[in-house]
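J.: Quick one: the structure is below, and I'll ask about it shortly.
The values are calculated or read from the model by the stated rules, or taken from the named source; none is laboratory data. This one's a predicted model, so the numbers in the text were calculated from it and none came from an experiment. Quick reminder, even Gly has a Cβ in these numbers, built from the backbone with ideal geometry, and neighbours come from all protein chains shown.
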Amino acid sequence: MISDHINWSWRDNRIEVGVDTRGKGPLILLLPALSSISTRSEMRPLAEQLASTFTTVAVDWPGFGNRPRPSVAWEPDAYRMFPKHLLQELPKAMATVAAGHGAAYLLAHAAEYPGSAGNLCIVAPTWRGPLPTMMGGDRSIFRLISRLVDLPVIGSALYRLNVNRPMVRMMARGHVYTNPRWLDQRHLAEKLAVTNAPGARHASFRFVAGQLDPMSTRELFLATARRVTDPILVVYVRLRRDTQKRRWRHCEFYRMYSRVNCLSANLRFMKSFLPWSPTRSDLFLASDHELLEH
């Protein structure tokens, strides 16, 4: 019996991450993107569709989700280690679906531990956070601000500059969801509730500032993917060319958060993939390579 949470310890901090389990059958692990407004619940539409054939287990990343989180100076090593712990705690996974930065961390894990995560389905994979993407690279000030966010008063104020209602609405409608109308008042309230969870600011702001990036360059991201020997399916959203050209110019993460729409739209294709076990890995990196370009 899989619990509604998983306990993990990182540098003497006890961390409890949320878990949702549905269905019966071979296990499919579902990992959401790392994001200020992401939780495992965004995998629910896919989990409900797969539940007739599979046991689906959707798990939040440490520091994210809707549960209280400790005050931790999160860093990429934590997210490299967590998949190993998770996959050891759960029954053997037939396949793992991961989105955004979560997909890149899954690739890194699969490269080190072939076969441990089953077949891989990565949804709109990303390797670089929003601020470095917009600024064309990492900056020392990003690390400084990330440390300031940990402070009691100034940290909360800095965090609120990034996740207040107007900002969340602007970001979500501008470069998070393929259908801006999806973010109605009910969904906006749900997203704002995620940002208000105790301890949310520590991982959230570090993600935005690029301090949780799984790889430092696009070349390293692609090199990691090429090391994976497990079957890989990459799912992403094609948008109308006029909007692509305008938005890809300054933010490669435009399509990184198209999680629910993308998964639902490609459900039949994914169902045909999940039982698939070819003799070699087929890496379908986006035919429009701009998905991963600087």
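For (1) among the hydrophobic types (A, V, I, L, M, F, W, C); (2) on the phi > 0 side of the Ramachandran plot; (3) in contact with a strand residue (DSSP E or B) (Cβ under 7 Å, 6 or more places away or on another chain); (4) crowded, with 20+ Cβ neighbours inside 10 Å, each residue gets a yes or a no:
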{"residue": "TRP8", "(1), (2), (3), (4)": "yes, no, yes, no"}
{"residue": "ASP12", "(1), (2), (3), (4)": "no, yes, no, no"}
{"residue": "GLY25", "(1), (2), (3), (4)": "no, yes, yes, no"}
{"residue": "ALA33", "(1), (2), (3), (4)": "yes, no, yes, yes"}
{"residue": "SER36", "(1), (2), (3), (4)": "no, no, no, yes"}
{"residue": "ARG40", "(1), (2), (3), (4)": "no, no, yes, yes"}
{"residue": "GLN49", "(1), (2), (3), (4)": "no, no, no, no"}
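J.: Applying the selection to region 132-159, what residues are of a type in the set (Val, Ile, Thr) and closer than 14 Å to VAL208 by Cβ?
T.: Across region 132-159, the qualifying residues are THR133, ILE141, ILE145, VAL149.
J.: Follow-up. Being in a helix (DSSP H, G or I) and of a type in the set (A, V, I, L, M) is the filter; apply it to region 196-235 and report the residue that is farthest from ASN66 (Cα to Cα).
T.: Top of the filtered list is ALA223.
J.: Among the numbered criteria (1) under 20 Å from the mean Cα position of the chain (by Cα); (2) buried (at least 18 other Cβ atoms within 10 Å of the Cβ), which single criterion is violated by THR55?
T.: The number of the failed condition is (1).
J.: Of all residues in region 65-94 being within 23 Å of ALA225 (Cβ to Cβ) and in contact with a Pro (Cβ under 8 Å, 6 or more places away or on another chain), which is surrounded by the fewest Cβ atoms within 10 Å (Cβ to Cβ)?
T.: Among residues in region 65-94 that are within 23 Å of ALA225 (Cβ to Cβ) and in contact with a Pro (Cβ under 8 Å, 6 or more places away or on another chain), the one surrounded by the fewest Cβ atoms within 10 Å (Cβ to Cβ) is ARG80.
J.: Collect the residues in region 1-52 that are of a type in the set (Asp, Glu) and either part of a loop (DSSP other than H, G, I, E, B) or in contact with a Phe, Trp or Tyr (Cβ under 7 Å, 6 or more places away or on another chain) (or both), keeping them in residue-number order.
T.: Passing the criteria: ASP4, ASP12.
J.: Here are ALA47, ALA51, ALA103, ALA93: which of them is within 24 Å of HIS202 (Cβ to Cβ) and either free of Cβ contacts under 8 Å to residues at least 12 places away in the same chain or small (Gly, Ala, Ser) (or both)?
T.: Matching residue, one of ALA47, ALA51, ALA103, ALA93: ALA103.
J.: Right, another one. For the subset of region 106-134 comprising residues that are over 18 Å from LEU30 (Cβ atoms) and touching a Leu at 6+ places or on another chain (Cβ under 9 Å), which member is modelled with the highest pLDDT?
T.: TYR113
Yes/no per residue for (1) over 30 Å from THR229 (Cβ atoms); (2) part of a helix (DSSP H, G or I); (3) touching a residue at least 12 places away in the same chain (Cβ under 8 Å):
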| site | (1), (2), (3) |
| --- | --- |
| SER116 | no, no, yes |
| LEU120 | no, no, yes |
| TRP127 | no, no, yes |
| PRO166 | yes, yes, no |
| MET170 | yes, yes, no |
| HIS187 | yes, yes, no |
| VAL194 | yes, yes, yes |
